[in-house]
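To keep things clear, I will list the structure first and then write my remarks on it.
The values are calculated or read from the model by the stated rules, or taken from the named source; none is laboratory data. Worth saying up front: this structure is predicted, and the values here are computed from it rather than measured. Positions of Cβ are generated from backbone atoms using ideal geometry, with glycine treated the same way; all protein chains shown enter the neighbour counts. Surface accessibility is based on the protein's heavy atoms, side chains included, excluding ligands, DNA and RNA. Shrake-Rupley method; radii C 1.70, N 1.55, O 1.52, S 1.80 Å.
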Amino acid sequence: MGTKNPSTTEISEPLLSKIPAVDVDSVLSENIPPWKDQITIRGLIVSALLGTLFCIITHKLNLTVGVIPSLNVAAGLLGFFFVRSWTGFLSQLGFSTAPFTKQENTVIQTCVVACYGLAFSGGFGSYMAAMDERTYKLIGVDYPGNRAEDVKNPSLGWMIGFMFVVSFLGLFSLVPLRKVMVLDYKLTYPSGTATAMLINSFHTNTGAELAGKQVRSLGKYLSISFFWSCFKWFFSGVGDSCGFDNFPTLGLLAFKNTFYFDFSPTYIGCGLICPHIVNCSVLLGAIISWGFLWPFISKRAGDWYPDDLGSSDFKGLYGYKVFVAIALILGDGLYNLIKIIVISIKEICKKRTIQNSNLPLFNESQDSESSKVPMDARRRDEIFLKDSIPSWFAASSYVGLAAISTATIPIIFPQLKWYLVLISYIIAPALAFCNSYGTGLTDWSLSSTYGKVGLFIFASLVGANGGVIAGLAACGVMMSIVSTAADLMQDFKTGYLTLSSAMSMFISQLVGTAMGCVIAPLTFWLYWTAFDVGSPDGPYKAPYAVIYREMAILGVEGFSSLPKHCLEICIAFFVLALVVNLLRDVTPKKTSSFIPIPMAMAVPFYIGAYFAIDMFVGTVILFVWERMNRKEAEDYAGAVASGLICGDGIWTIPSAILSIFKINPPICMYFGPSVTS
């Protein structure tokens, strides 16, 4: 991963060879408004309206299926149309309005994402719902370890308070590493890149021939993706086993092991944006896990673990899936974190002062290497680093907020002692780095997975007397930090590609988070008071509530309750991640470019192989396209990928609205083995 030349030392991860093709002249000549002008009153009003809408949609999905897709592109699109409609209406009335810039559009998108992100990381459909009396009774009052004392029903007061004391720390945990993640590692953050492409297309000079063609290409594939997603909906039936998303394209046996192509434009688009090595690493991880490891362990059911367990029981195969994935993620993430620290210390020792930057890895030397950087890329770098957020401010803010949170959380949850909260805030930045790094590679944020591990660990530390509530609360602390940190880096990538100030992006994140701390609990309260949330016979079953409470009950018993050989397998994969990363560093660049990335390999271990198939289809399309016409592929691949991701993302809104109004798909397309008489 590291590259070194005589004049400078820097971390460089060539995961994305180039940013999506843009009109270079427009980048160089564009007049960039000051960061204060990028944040407007109308933008904040639109952000609050869209944040409320997206929180409602997120709660709906969270309480029904428990799966939340990325709505970044929809936020950028709707933000554009809302403000354009606003300014157009005022213009017709004779009022003059300030120009609507792509930087303002980006700030709106960032604020909306920060707001609705708390509807997910707030755990309203998972760890918070797991604390309530309904879930306690649903599991059974006689269930071993399910105590009546471990109940805390939702209330607007404590939910809003808890959101405020835990939701801001993730924003400050990785701010000093923004250059490392976006510029040095060149992480793709596919949803952030797609959103930037969409916003740029709205505000580009359509007189430029290439820009106009890119916009038309994006619009074409956005329409195709949108109408294809709409078409798929008619066959998706009720539940999660119907439609093209469950099409056994490689046969029923492969489908049983999650190997199938699910016709997802989003993942194909990710495959077009992500480098080939990332897509191939994801597929390799799917083959290792779902092709060999999980079938091998499944055959040991009855020996290694009881064979009558549910699919989400930590004492069974599910425990292997979660903890082996975490072992790979931690091995890769911690290796890179330690590497950054070591190189930073070496560089600081060589050069005591680095001008014009608070980040240890930034080098201003104008040597022959830096002069080779394209002018448009250098301008992006300059704008991204211009309005810096001082590292001392980020660090002191994190420490101050951690101190307030450490004192406040035990008041809300007496079972979670102050020293346990302090421990979680000490280790949280490392986990936030791991999650942000993985999100940049694959677009998958595994914040819920980190939350589950925190739940398990802290529940076991507290024990039977309060361990369930303590574990669930600790899960919330972990999820909030790693989720908001990944969202921030995703939006920094969007801001980098739209020439937006890092300062305006950071402030909009703070404002959006503050909005979410109020809007997310209020919109959840609407569901809680209007519907029987958690009822197995109702429309809002909150499926993850029972799972999280059972996990906490299991956590009280400690790691000894995990299935046989689980810890040994985890240690082996942790070491494997370290060795693979070391090989990527010590081998020549031509060789290391073919060595898989452990972080990317880990994602399908937990989620499944289906999205790896989709991403590999995307990388094959790009590979063939590059061989047929490399220039065309370089110019249009980013636009095509963004259109596919955007169209599928936009369809999320009408599909959620249809679901809210209880309009179900008319057809359930289902496949099963043929029956012979």
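For this structure, a couple of remarks:
- Unmet requirement for T193, which otherwise passes all of (1) of a type in the set (S, T, N, Q); (2) open to solvent by less than 10 Å² (accessible area, probe 1.4 Å); (3) over 16 Å from L488 (Cα atoms): (3)
- Single residue of P673, P665, P604 found to be in a loop (DSSP other than H, G, I, E, B) and open to solvent by less than 30 Å² (accessible area, probe 1.4 Å): P665
- In this structure, F574 does not qualify as closer than 18 Å to P275 by Cα, open to solvent by 40 Å² or more (accessible area, probe 1.4 Å) and under 25 Å from the mean Cα position of the chain (by Cα).
- Against the conditions (1) free of Cβ contacts under 8 Å to residues at least 40 places away in the same chain; (2) touching an Asp or Glu at 6+ places or on another chain (Cβ under 9 Å), Y143 satisfies every one except (1).
- Any hit, the stretch 278-286, residues being modelled with pLDDT under 90, open to solvent by 30 Å² or more (accessible area, probe 1.4 Å) and not polar (S, T, N, Q): no
- Only one entry in D614, D585 is assigned to a helix (DSSP H, G or I), open to solvent by less than 40 Å² (accessible area, probe 1.4 Å) and not hydrophobic (A, V, I, L, M, F, W, C), namely D614.
- Condition check for K232: modelled with pLDDT of 90 or more, in contact with a helix residue (DSSP H, G or I) (Cβ under 7 Å, 6 or more places away or on another chain) and either open to solvent by 20 Å² or more (accessible area, probe 1.4 Å) or acidic (D, E) (or both): yes
- Scanning the stretch 377-389 turns up no residue that is among the polar types (S, T, N, Q) and either in a helix (DSSP H, G or I) or over 23 Å from V175 (Cβ atoms) (or both).
- Test: P429 is in a loop (DSSP other than H, G, I, E, B) and open to solvent by 10 Å² or more (accessible area, probe 1.4 Å): no
- Qualifying residue in the stretch 478-501 (condition: in a helix (DSSP H, G or I) and either surrounded by fewer than 24 Cβ atoms within 10 Å (Cβ to Cβ) or free of Cβ contacts under 8 Å to residues at least 12 places away in the same chain (or both)): no
- Test: F393 is touching a helix residue (DSSP H, G or I) at 6+ places or on another chain (Cβ under 8 Å), modelled with pLDDT of 80 or more and either open to solvent by 30 Å² or more (accessible area, probe 1.4 Å) or of a type in the set (F, W, Y) (or both): no
- Counting only residues that are open to solvent by 20 Å² or more (accessible area, probe 1.4 Å), modelled with pLDDT of 80 or more and within 15 Å of A464 (Cβ to Cβ), the stretch 551-568 holds 1 of them.
- Only residues that are touching a Gly at 6+ places or on another chain (Cβ under 9 Å) and not in a helix (DSSP H, G or I) were counted in the stretch 101-130, giving 4.
- Taking each residue of the stretch 235-254 that is closer than 15 Å to L658 by Cβ and part of a loop (DSSP other than H, G, I, E, B) and looking for partners that are open to solvent by 70 Å² or more (accessible area, probe 1.4 Å) and β-branched (V, I, T) with beta-carbon atoms closer than 7 Å, six or more apart or interchain, yields F235/I667; G237/I667.
- Within the stretch 88-100, tally of residues that are under 16 Å from P33 (Cβ atoms) and open to solvent by 40 Å² or more (accessible area, probe 1.4 Å): 3
Conditions tested, residue by residue: (1) touching a Ser or Thr at 6+ places or on another chain (Cβ under 6 Å); (2) modelled with pLDDT under 80; (3) part of a helix (DSSP H, G or I); (4) open to solvent by less than 70 Å² (accessible area, probe 1.4 Å).
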| position | (1), (2), (3), (4) |
| --- | --- |
| F623 | no, no, yes, no |
| K631 | no, no, yes, no |
| Y636 | yes, no, yes, yes |
| I653 | no, yes, yes, yes |
